[in-house]
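Working notes for the structure below.
The values are calculated or read from the model by the stated rules, or taken from the named source; none is laboratory data. All values derive from a computational prediction rather than experimental measurement. Here the Cβ positions follow ideal geometry from the backbone for every residue, glycine too, while neighbour counts run over all protein chains shown. These accessible areas exclude ligands, DNA and RNA; they are computed on the full protein's heavy atoms, side chains included. Shrake-Rupley method; radii C 1.70, N 1.55, O 1.52, S 1.80 Å.
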Amino acid sequence: MTDVARLAGVSHQTVSRVLNSHPNVREQTRLRVLAAVKELGYRPNRAARALVTGRSQLIGVIAQNSTLYGPSSLLAAFEIAAARQGFAVSVHRVPELGRSSITAAVERHRDERVAGIVVIAPTASADAALAGAPAEVPLVTVDGDPDRSAPMVSVDQEHGAYQATRHLLEAGHETVWHISGPPDWFDAAGRIRGWRRALDEAGAEVPPVSTGDWTAASGYLAGQMLARMPEVTAVFAANDHQALGALRAMTERGRSVPDEVSIVGFDDVPEAAYYSPPLTTVRQDFGAVATTTLDLLLGLVNGAETTGADAQPVITPELVQRESVRPPRRA
């Protein structure tokens, strides 16, 4: 920094103000400093800056080693949001969201002296592991246990599933069958609650749940069973990949979608608009989740006290209507 100041003909403090985007610097001076920075190839030392300011520009993220659309999309959105705020992201992927793996990941992030930690914690095992996290580390979970009082950002899974199920009922279907996600996922449980609430409010029969594992293969297996049942005219799948598997099973059994069976998914994966037929689904705004998570975490880093709804913001998903839903033929 001293070399930059000498080349630009300014003080060390002026270089610091320019690099930290301080407003009280003349434009001509700012341009001269930036030119010197470029000529010398200067790069700020993040570790040294953290020692001086007491605040790291690094955020730790703990996530399961998974290619599932939701967690991977959220992670990508968070990295973009953090970069806009001038933060780098260190990601520790764990093979499973258990106590030992999460505790080890938290300790690794503490060794990196991160400003705070985000844990993508969609399963019950991850939430239990976080109960023993050190209180002195600012930490925010995403998609954790809705009954937990710690800082958390979540999507209203129940509302999204309620919207999807109501949409099918309002199309004239007497009831809606459900292909769920894994039972230990909070997202899956929330979607079951929303599906069941919509049926209860309508006075409709509540069919047994077909349990899947988020994959198209599990949706296909459930769809094979449902396709053999003529009374099945509407299916709500807990994610779009399971909906894709169900679509394939229905087609193989000669059950036309949407002429004979209507199907709704969840997530709005990029391919959903190109399924045959284009899939009606529920869209989660991962960009909004990421930005909200970062804002909550930085508030904790800066000493803000968050309680109640401020500590647990909820993002509302959106129903996206396409061509996979029609009234049943008998209607």
Single unsatisfied condition, GLY299 versus (1) free of Cβ contacts under 8 Å to residues at least 24 places away in the same chain; (2) surrounded by 18 or more Cβ atoms within 10 Å (Cβ to Cβ); (3) assigned to a loop (DSSP other than H, G, I, E, B)
(3)
Within segment 287-294, can one find any residue that is crowded, with 24+ Cβ neighbours inside 10 Å and touching an Asp or Glu at 6+ places or on another chain (Cβ under 7 Å)?
no
Please count how many residues of segment 84-97 are closer than 23 Å to ASP187 by Cβ and part of a strand (DSSP E or B).
5
Output for segment 103-131, where each listed residue is under 19 Å from the mean Cα position of the chain (by Cα) and assigned to a helix (DSSP H, G or I)
ALA124, SER125, ALA126, ASP127, LEU130
Residue identified as over 26 Å from GLY190 (Cα atoms), surrounded by 14 or more Cβ atoms within 10 Å (Cβ to Cβ) and in contact with a strand residue (DSSP E or B) (Cβ under 6 Å, 6 or more places away or on another chain) among ALA81, ALA105:
ALA105
Of a type outside the set (Phe, Trp, Tyr), under 20 Å from THR316 (Cα atoms) and in contact with a helix residue (DSSP H, G or I) (Cβ under 6 Å, 6 or more places away or on another chain), is that true of ARG197?
yes
If GLU323 satisfies all but one of (1) open to solvent by 50 Å² or more (accessible area, probe 1.4 Å); (2) under 23 Å from the mean Cα position of the chain (by Cα); (3) over 27 Å from PHE78 (Cβ atoms), what's the number of the condition it fails?
(2)
Among the residues of segment 81-100, are any of a type outside the set (Phe, Trp, Tyr), within 14 Å of the chain's Cα centre (by Cα), under 18 Å from VAL142 (Cβ atoms) and at pLDDT 85 or above?
yes
Under the condition of being under 29 Å from the mean Cα position of the chain (by Cα) and over 18 Å from VAL325 (Cβ atoms), which residue from segment 222-244 is surrounded by the most Cβ atoms within 10 Å (Cβ to Cβ)?
HIS241
Using the structure shown, decide if ALA202 is open to solvent by 10 Å² or more (accessible area, probe 1.4 Å), at pLDDT 95 or above and over 18 Å from GLN321 (Cα atoms).
yes
Within segment 171-270, which strands (runs of 3 or more DSSP E) (wholly inside it) include 3 or more residues that are within 28 Å of ALA126 (Cα to Cα)?
177-180
Do any helices (runs of 4 or more DSSP H) entirely within segment 1-75 hold 2 or more residues that are farther than 30 Å from ALA121 by Cβ and at pLDDT 90 or above, and if so, which?
2-8, 27-40
SER100: hydroxyl-bearing (Ser, Thr, Tyr) and outside any helix (DSSP H, G or I), yes or no?
no
Please verify whether VAL325 is in contact with a His (Cβ under 8 Å, 6 or more places away or on another chain), at pLDDT 95 or above and assigned to a loop (DSSP other than H, G, I, E, B), treating the condition exactly as stated.
yes
Members of segment 191-241 found to be without any contact (Cβ under 8 Å) to a residue 12 or more places away in the chain and of a type in the set (Gly, Ala, Ser), listed by number
GLY203
Find the residue count for segment 253-306, including only residues that are more than 23 Å from the chain's Cα centre (by Cα), hydrophobic (A, V, I, L, M, F, W, C) and closer than 29 Å to VAL153 by Cβ.
1
Residues being farther than 23 Å from SER72 by Cβ and either without any contact (Cβ under 8 Å) to a residue 40 or more places away in the chain or open to solvent by 50 Å² or more (accessible area, probe 1.4 Å) (or both): count how many of those fall in segment 125-149.
11
Return yes when ASP184 is at pLDDT 95 or above and either open to solvent by 40 Å² or more (accessible area, probe 1.4 Å) or out of contact with any strand residue (DSSP E or B) (no Cβ under 9 Å at 6 or more places or on another chain) (or both) and no when it is not.
no
Of residues in segment 152-170 being among the small types (Gly, Ala, Ser) and in a helix (DSSP H, G or I), the one surrounded by the fewest Cβ atoms within 10 Å (Cβ to Cβ)
GLY160
